[in-house]
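Some notes on the structure that comes next.
The values are calculated or read from the model by the stated rules, or taken from the named source; none is laboratory data. Worth saying up front: this structure is predicted, and the values here are computed from it rather than measured. Note: ideal-geometry Cβ built from the backbone for every residue, glycine included; neighbour counts use all protein chains shown.
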Amino acid sequence: MIDDKKVLYSGMQATGNLTLGNYLGALKNWLTLNEEYECFWGVMDLHSLTVRQVPADFRKKARNLLTLYIAAGLDPVKNCIYFQSHVPAHAELSWLLSCFTYVGELNRMTQYKEKAAKHADNVNAGLFTYPVLMAADILLYQADFVPVGKDQKQHLEITRDIAERFNNIYGDVFTIPEPYIGKEEEGAKIMSLQDPEKKMSKSDENVNGSIFLMDDRDTIVRKFKRAVTDSDAEVRYGEDKPGVSNLLTIYGSCTNKSIQEAEKEFDGVGYGDFKMAVAEAVISVLGPLQEEFARLQKEKSFIDGIIKENDEKAAYFANKTLRKVKKKLGLTEKPR
Ligand code: TRP
């Protein structure tokens, strides 16, 4: 609890270009959470280092992600938006927690197994201990809730296990975090435009499957024109129609209409016109977001100020927990 509010913690890795799926499925649903919760949103740049990064690119991407959070509408005064690497407590707690994490449990992490198979030439120890750093992120802020997608549920589970294990030995040090399930489920799940059985992903090899937040108008129109549908011509939501259903979900989410309303609107409309309408709906959301992003990118000292303030705020809460943990563990205190 911070000032009578429960704490909510989440973040995104600072790599890859965010997609419409990240926006409609996550970011958009975060905007009003600060009314009810004390919110922390990290730019998880330390996690990104498990994969080799090009330094100049990486620096830009991390800052762009922070700027994008703000451009999308996360209020940087009411939310703590900060860089993970600016708060050394993350790396420190991660070490301490790694001594309470079993190799066997890390070995069972699905994401580790998948990534190790995909990057067989660079199965580094960071990839293996990734979930411990994530546990440190969450536990440092005594988070009550963590909004995470399906792919991160297992990491939240291990976070809870580590926290409970620690608490069992040393008393109530950590709040046990729970997954945050939003009011309307988890936000829209957006699928690939090319393979609607698969989630839209920033790392998809087929770039036509994903709409990136920075795609320009022509690119968006082109991608929707090429989007996979099916051979009948009925705009209807259904399991047998994954492509059309996905387009309806996107349309509904961008216009804040229900699927039923959207279906009605496109009753009798051909796929070509339907796709153009979806593209326009997406452009009407991404256009203003891109303008705001471009504007903020130029406001260097404004963004710097936000970074400084929020780094400090994050460090204040993180250090409080870290001090407590060190004391419990019996690490000697610095003489004053
Ligand atoms: N692993 C998360 C992802 O890739 C990012 C992340 C790192 C995170 N630390 C976190 C998410 C703490 C929530 C809470 O999506």
Next item on the list: Test His86 against the stated conditions and say whether it is within 13 Å of the ligand (Cβ to nearest atom) and either out of contact with any Leu (no Cβ under 6 Å at 6 or more places or on another chain) or aliphatic (A, V, I, L, M) (or both).
Entry: no
Next item on the list: Return the total of residues in the stretch 230-251 being crowded, with 21+ Cβ neighbours inside 10 Å and not in a helix (DSSP H, G or I).
Entry: 1
Next item on the list: Check Thr101, Thr129, Thr110 and return the single one that is within 16 Å of the ligand (Cβ to nearest atom), touching a residue at least 60 places away in the same chain (Cβ under 8 Å) and polar (S, T, N, Q).
Entry: Thr101
Item checked: Evaluation of Lys115 against (1) within 24 Å of Ser48 (Cβ to Cβ); (2) free of Cβ contacts under 8 Å to residues at least 40 places away in the same chain (one fails), failing number -> (2)
Item checked: Residues located in the stretch 17-49, provided they are within 10 Å of the ligand (Cβ to nearest atom) and in contact (Cβ under 8 Å) with a residue 60 or more places away in the chain -> Asn22, Ala26, Phe40, Gly42, Met44, Leu46, His47
Item checked: Single residue of the stretch 1-16 satisfying the filter (within 16 Å of the ligand (Cβ to nearest atom), modelled with pLDDT under 95 and closer than 23 Å to Phe317 by Cβ) that is surrounded by the most Cβ atoms within 10 Å (Cβ to Cβ) -> Ala14
Notebook entry, point to check: Gln152 fails exactly one of the following numbered conditions: (1) buried (at least 21 other Cβ atoms within 10 Å of the Cβ); (2) free of Cβ contacts under 8 Å to residues at least 60 places away in the same chain. What is the number of that condition?
Noted result: (1)
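Restricted to the stretch 173-186, and to residues that are assigned to a loop (DSSP other than H, G, I, E, B) and at pLDDT 95 or above, which residue is nearest to Glu35 (Cα to Cα)? Give the derivation first.
Here is the first cut: in the stretch 173-186, the residues assigned to a loop (DSSP other than H, G, I, E, B) are 173-177, 180-181, 183-184, 186.
With the extra rule that they be at pLDDT 95 or above, the set shrinks to 173-177.
Working: Val173: 26, Phe174: 24, Thr175: 21, Ile176: 22, Pro177: 19 Å.
Filtering first and then ranking leaves Pro177.
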Note to self: I'm trying to understand the selection: among the residues of the stretch 128-185, which are more than 24 Å from Leu331 (Cα to Cα), in contact with a strand residue (DSSP E or B) (Cβ under 8 Å, 6 or more places away or on another chain) and aromatic (Phe, Trp, Tyr)?
What the structure shows: Phe145, Tyr180
Margin query: Cβ-Cβ distance below 7 Å, separation of 6 or more or different chains: which pairs start in the stretch 132-145 with a residue that is in contact (Cβ under 8 Å) with a residue 60 or more places away in the chain and not assigned by TED's automatic domain parsing to the domain that holds Asn34 and end on one that is among the charged types (D, E, K, R) and within 9 Å of the ligand (Cβ to nearest atom)?
Written below: none
Notebook entry, point to check: If we scan the stretch 185-202, do we find a residue that is among the acidic types (Asp, Glu) and under 20 Å from Asn256 (Cβ atoms)?
Noted result: yes
Next item on the list: Please enumerate the residues belonging to the stretch 136-172 that are within 20 Å of Lys113 (Cα to Cα) and either near the ligand (Cβ under 10 Å from one of its atoms) or assigned to a strand (DSSP E or B) (or both).
Entry: Val148, Gly149, Asp151, Gln152, His155, Leu156, Thr159
Note to self: What's the total number of residues in the stretch 105-135 that are touching a helix residue (DSSP H, G or I) at 6+ places or on another chain (Cβ under 7 Å) and either modelled with pLDDT under 95 or part of a helix (DSSP H, G or I) (or both)?
What the structure shows: 16
